[in-house]
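Readers should treat all values here as calculations from the given coordinates under stated rules, not as data from a laboratory. Computed from a predicted model, the values in this text were never measured in an experiment. No Cβ is skipped: glycine too gets one built from the backbone with ideal geometry, and neighbour counts run over all protein chains shown.
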Amino acid sequence: MKLGKTYDPQEYEAMIYDLWEQSGAFKPKEGGEPFVTVMPPPNANANLHIGHALNNSLQDIAVRYQRMQGKSALFLPGADHAGFETQVVYEKQLTQEGKSRFDFSRDELYARIYEFVQANRGNMEKQVRAMGASVDWSRAMFTLDEQVVKTTYGTFKKMWEDKLIYRGERLVNYCTFHRTGFADIEVSYEERTSPLYYLKYGPFTLATTRPETKFGDTAVAVHPDDKRYKEFIGKVITAEGLNGPFEIRVVADQYVDPAFGTGAVKITPAHDFNDWEIAQRHNLEAIRVINHDGMLNHRAGQFEGMPVAEARIKVAAALKDKGLLEKIDENYRNRVGVCYKCGTVIEPMLLDQWFIDMKRLAAPAIKELKRNKIAFHPTQKLEQTITYLETVKDWNISRQIAWGIPIPAFQNTEDPDDWIFDDRANQEIIELDGKTYRRDADVFDTWFSSGHWPFVTLDYPDNPDFKRFYPNDLMETGIDILYQWVARMIALGLYVTGVVPFKNVYLHGMVRSEDGRKMSKSLGNVLDPQQVIASHGSDALRMGIISGRSPGLSAAYDPSKIDAARNFCNKLWNIARFVEDTIGDNYDGRHKATPETPADHWILLKLQHATEKMTLDLENYRFSEAYDTLYHTVWDDFADWYIEASKSSPNHGVLAYGLETLLKLAHPFAPFVSETIWQTLKWEKGLLISSSWPVAKAGNKEQASVFSDLQAIITEIRSISRNLHLSRSHLYHTGSQLLTAHGELIARMAHLKGVSEVSDGKGLRLTSTKENCWLDVDQETARSYLGKLEEQQTAEGLSVERMKARLANKSYVSNAPKELVAETKSNLAASEHRLQQINSEIDAFAATAQDV
RNA sequence: GGGUGAUUAGCUCAGUUGGCUAGAGCAUCUCGUUUACACCGAGAGGGUCGGGGGUUCGAGUCCCUCAUCACCCACCA
């Protein structure tokens, strides 16, 4: 294969992915220690966003690395039916057609959404492929697959039997637009200005933001110690209302803050969470005033059929007319719960729902977490997860939507209290023991079933996959769903399987837009990964997106990093072109990477260090650091130094070995370009994806340090040349073996006319080396360098002073590690030598200055 | 109200257990077409690591404190 001048990802990526897939490399190999990670399932019918790109990249880097380490690596893909999310999308489409979900029965709606999802499926998987994810497609799982449903039902039944699940009428966060309840965690809050109305209630004045709920009031509450109201506690008082006088109880409760408003509060148990709590304590009736459509009901009399917001104003006005409204504080700020999808104000609504007793479910999980059974990256998130599980309230898992897994609970049509579990949930009506049961119309919260993901994907409990690959090694997902998903997976996984579901949790932060804002569809600043892949290639996206990123921290998307990564691919490409050109078509002695020159030793040592560093970083999930090492080893060490040096004396074995090593190190990060190049290596028959992680070959340290000396000389010459605007100067030395041996190399790399031996030095003496050598410049030109030399003299002098002071400090010498002290000593010696060189060079100038 | 994180070069960000002259990419300036690459090469400039205290031989890193920003949790009638 003749390689083009620049790497064109478009030309190779699809082909390479096919090659991998057809080779079976994505499947875990038989036997061996497993490494397992399951993909957080992207929405089946939506496009991947940049967060998925980050997620997939991190997981795939880990998997490819572990695969090359010889593990039986499994990256298991999936697709999410995404319950409510998808239904919302479908509802929008219905709206455009002038229809509403309420035009259909839940079963009809389910069928329609199913078709909708089927029609749009496949796109997402294509995009996962385009990102290079090395997933085992044969094990792909959809969150509505029979396996998932079956296992979820099994858990529901087990929890039912363990009394971890209960059905009850409770206040639930309810969106009157979508007409479904939510879990606490799904409600978002907005700070708003809400008028605070002061209502007259018999002897009380009480402050409320919700006068329209007064028809559901069943008490007035005061603080037990509030002297103002002592006489009323426990009494029933009479107050004037809109429709004449009414009676209401006065209760005392610690919850009431005497300092807020008037210290007296109306209690509406059916529409306020705190009031509900108080009602439980005082045995108060709960009267519904608001219907599921968000309208007031008959309880509100003349206001029946009015939406809440309108009723609020009208009720206040009516109260005012009757002289029952004392005042309105228009500037009151409070936080209002809203639906995270549509922004509709969440109404606390009394509903019969299924709840999970989270205290009991979470307790064993908390215990395991405290025993450090799961390593968190970043580590601080462990503590936060524990705190969350310790304080979490019971979890409402019923959703009044169509798109989801039906709840396998049936109610006796004759006896509302008679609920049974039955997994024939595909039927609406079942008969049992001569009785008729009707299925609960609701579906599960999608997070209830996705809480099973780490094992349901492995065909829990009987499939050998489960026994082999559970628990997972790595769960990688966004930090935004730590509680929503990760915490619940841990609790549910432990409950169902008896083992925590994964050993490591890696939480990536959010990818923000370039200007640092949140990326969102509504802001119109989302970035399509497909576009990045089209313009820069998949590898560039992978590396650019993980570069400089820390777990748990949000960071802006930086296109310059994608550019850099694209250029990096091209650098690799051209290294390959050079190496393959240099070693020629007949090369086949790849095992003889015998170092000869100092440069050979030096690059072997560099490759060894890079391998060690990257291995350590990848083992510890420090992706960005590993990439950084790769980048600079490839670019700075191999391309800029080794290749340039090898133009003087090419060592085919080391060049080939170096290229192979770099391709291996690069492969987890840049799988496409590395594999593409690998396929051009004549002596390699297999696939890079299936090859092994490099084993470091050590170079000789002393030989390597000779090359470091040469680098110092070359760098100094380049610097002086640039500073003095020299071009093609000459270097003289007085019998230096180093310079005699490597004159050609230095001349080439420092862009000199030549290097030659003389009996007496003249010109500008180099100060970075122990060798006696001079750049051939006239006194006039050399003198113009004096300023620079003096700067160096000052800096070097400071450095010497600092190190001397340090070594004079007895505490340092006795407390600091021995190696460090030794290093300081040798650095001091080197520094002193350099200073001496600089000093004598400056003195020489002074001498010649007097001559003039 | 409680909690967590962030504050490092013009911009976006690294910096693992405290270790000596704090890094990267991009941007800037100067030069350069020497048989891989202009998606390039060489050189250079740019930071009192948010402020103030403390611990230590040594602090970007640990402790205290203040400030600013971000996020999470609770949720105010």
- [ ] Tell me which residues come under 5 Å, amide H to amide H, from A:VAL338 once H is placed; ignore anything under 5 positions away on its chain.
- [x] A:SER188, A:TYR189, A:GLU190, A:ILE346
Task: A:GLU161 versus A:GLN280: modelled label distance in nm, points set 7 Å from Cα along the beta carbon direction - done: 2.9
- [ ] With an 8 Å cut-off on Cα pairs and a minimum separation of 6 or more residues, tell me the relative contact order of the range A:404-553 in percent.
- [x] 16
Task: Positive-pole candidate from A:LEU807, A:ILE720, A:GLY83, dipole of chain A, charges at beta carbon - done: A:LEU807
Open item on the list: For the ranges A:568-579, A:220-231, what's the packing order if you count other beta-carbon atoms within 10 Å of each residue, average per peptide, and put the highest first?
Closed with: A:568-579, A:220-231
Task: Placed amide H near A:SER398: partners under 5 Å, 5+ positions off or other chain - done: A:TRP354, A:ASP445
TODO: Could you state the angle between the C-alpha long axis of helix A:9-23 and the longest principal axis of the C-alpha atoms of chain A, as a value from 0 to 90 degrees rounded to the nearest 10?
DONE: 70
- [ ] Please tell me the relative contact order of the range A:1-144 in percent, rounded to the nearest whole number, where contacts are Cα pairs under 8 Å and at least six residues apart.
- [x] 36
Open item on the list: For A:LYS314, give me every one of the lysines with a C-alpha distance below 26 angstrom, ignoring sequence neighbours fewer than eight places off in its own chain.
Closed with: A:LYS200, A:LYS214, A:LYS266, A:LYS322, A:LYS327
Task: Stokes-Einstein D in µm²/s, Kirkwood radius over Cα pairs - the range A:239-351 at 10 °C with 1.306 mPa s viscosity - done: 99
Task: Magnitude of the charge dipole, the range A:688-842, Cβ model with Lys/Arg +1 and Asp/Glu -1, debye to 20 - done: 460
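Could you work out the Rg to Rh ratio of chain A, with Rh taken as the Kirkwood radius (inverse of the mean 1/r over all Cα pairs)? Walk me through the numbers before you get to the answer.
Values: Rg = 36.6 Å, Rh = 32.8 Å.
Here the Rg-to-Rh quotient is 1.12.
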Open item on the list: Can you compute 3J(HN,Hα) from phi for each residue in the range A:59-67, using the Karplus curve 6.51 cos²θ - 1.76 cosθ + 1.60 with θ = phi - 60°, rounded to whole Hz and x for Gly and Pro?
Closed with: 5, 5, 4, 4, 5, 5, 4, 5, 4
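At a Förster radius of 22 Å, what calculated FRET efficiency corresponds to the Cβ-Cβ distance of A:PHE142 and A:ASN47, to the nearest 0.05?
About 0.80, to the nearest 0.05.
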Task: Residue-span extension gain [A:LYS370 to A:LYS235] - 0.36 nm each, minus C-alpha spacing - done: 43.6 nm
Task: Euclidean distance of C-alpha centroids, the range A:127-189 and the range A:606-638, integer Å - done: 40
Task: Nearby lysines by direct alpha-carbon distance to A:LYS227 (threshold 17 angstrom, same-chain neighbours under 8 apart not counted) - done: A:LYS235
TODO: For the range A:469-481, take each phi angle, set θ = phi - 60°, evaluate the Karplus expression 6.51 cos²θ - 1.76 cosθ + 1.60, and give the result in whole Hz per residue in order, putting x for glycine and proline.
DONE: 10, 10, x, 5, 7, 9, 10, 10, 7, x, 5, 5, 10
TODO: Enter the Cα centre distance for the pair the range A:666-742 and the range A:387-422, rounded to the nearest angstrom.
DONE: 65
- [ ] Could you pull out every residue, at least 5 positions away or on a different chain, whose amide H is within less than 5 Å of the one on A:HIS730? Hs are placed 1.01 Å off N in the peptide plane, and Pro or chain starts have none.
- [x] A:LYS753, A:ASP776
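Cα gyration tensor of the range A:94-160, axes a ≥ b ≥ c as square roots of the eigenvalues: rounded (a/c below 1.5), prolate (a/b > b/c) or oblate?
Numbers: a/c = 3.49, a/b = 1.14, b/c = 3.05.
Because a/c hits 1.5 or more and a/b fails to exceed b/c, the range A:94-160 counts as oblate.
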TODO: Based on alpha-carbon positions alone, could you give the equivalent ellipsoid semi-axes of the range A:621-707 from the gyration tensor, as √(5λ), descending, whole Å?
DONE: 22, 17, 12
- [ ] Starting from the Cα of A:LYS818, draw a straight line to each of the lysines and keep only those under 19 Å, dropping any in the same chain fewer than 8 residues away.
- [x] A:LYS804, A:LYS810
Open item on the list: Can you tell me the orientation of helix A:146-161 relative to chain A, as the angle in degrees between its alpha-carbon axis and the longest Cα principal axis, to the nearest 10?
Closed with: 60
Task: Per principal axis, descending, Cα span of the range A:743-830 in whole Å - done: 51, 28, 24
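Normalised radius of gyration for the range A:284-433, please: alpha carbon Rg relative to 2.2 N^0.38 Å, two decimal places.
Working: Rg = 22.7 Å, N = 150, 2.2 N^0.38 = 14.8 Å.
Taking N as the residue count of the range A:284-433, the ratio is 1.54.
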Open item on the list: For the ranges A:692-698, A:326-332, A:454-460, what's the packing order if you count other beta-carbon atoms within 10 Å of each residue, average per peptide, and put the highest first?
Closed with: A:454-460, A:692-698, A:326-332
Open item on the list: Please report Rg (one decimal) and Dmax (integer) in Å for the Cα set of the range A:32-141.
Closed with: 17.3, 58
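For chain A, what's the relative contact order in percent, using C-alpha pairs closer than 8 Å and at least 6 residues apart?
12
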Open item on the list: Distance between the C-alpha centers of the range A:441-494 and the range A:503-572? Whole Å please.
Closed with: 27
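Say the cut-off is 19 Å between C-alpha atoms; which of A:LYS606/A:LYS697; A:LYS370/A:LYS613; A:LYS126/A:LYS518; A:LYS788/A:LYS825; A:LYS71/A:LYS367 go over it? Please report the intermediate quantities before stating the final value.
Numbers: A:LYS606/A:LYS697 10 Å; A:LYS370/A:LYS613 31 Å; A:LYS126/A:LYS518 26 Å; A:LYS788/A:LYS825 27 Å; A:LYS71/A:LYS367 30 Å.
Over 19 Å apart, Cα to Cα: A:LYS370/A:LYS613; A:LYS126/A:LYS518; A:LYS788/A:LYS825; A:LYS71/A:LYS367.
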Task: Listed residues A:TYR174, A:GLY154, A:VAL187: farthest to the positive end of the dipole of the range A:144-198 (Cβ charges) - done: A:GLY154
Task: ³J(HN,Hα) computed for each position of the range A:358-372 - Karplus, 6.51 cos²θ - 1.76 cosθ + 1.60, integer Hz, glycine/proline x - done: 6, 4, 6, 5, 7, 3, x, 5, 4, 4, 5, 5, 5, 8, 6
Open item on the list: Let me understand the range A:458-507 better: what is its radius of gyration from the alpha carbons, and its Dmax, in angstrom?
Closed with: 11.2, 33
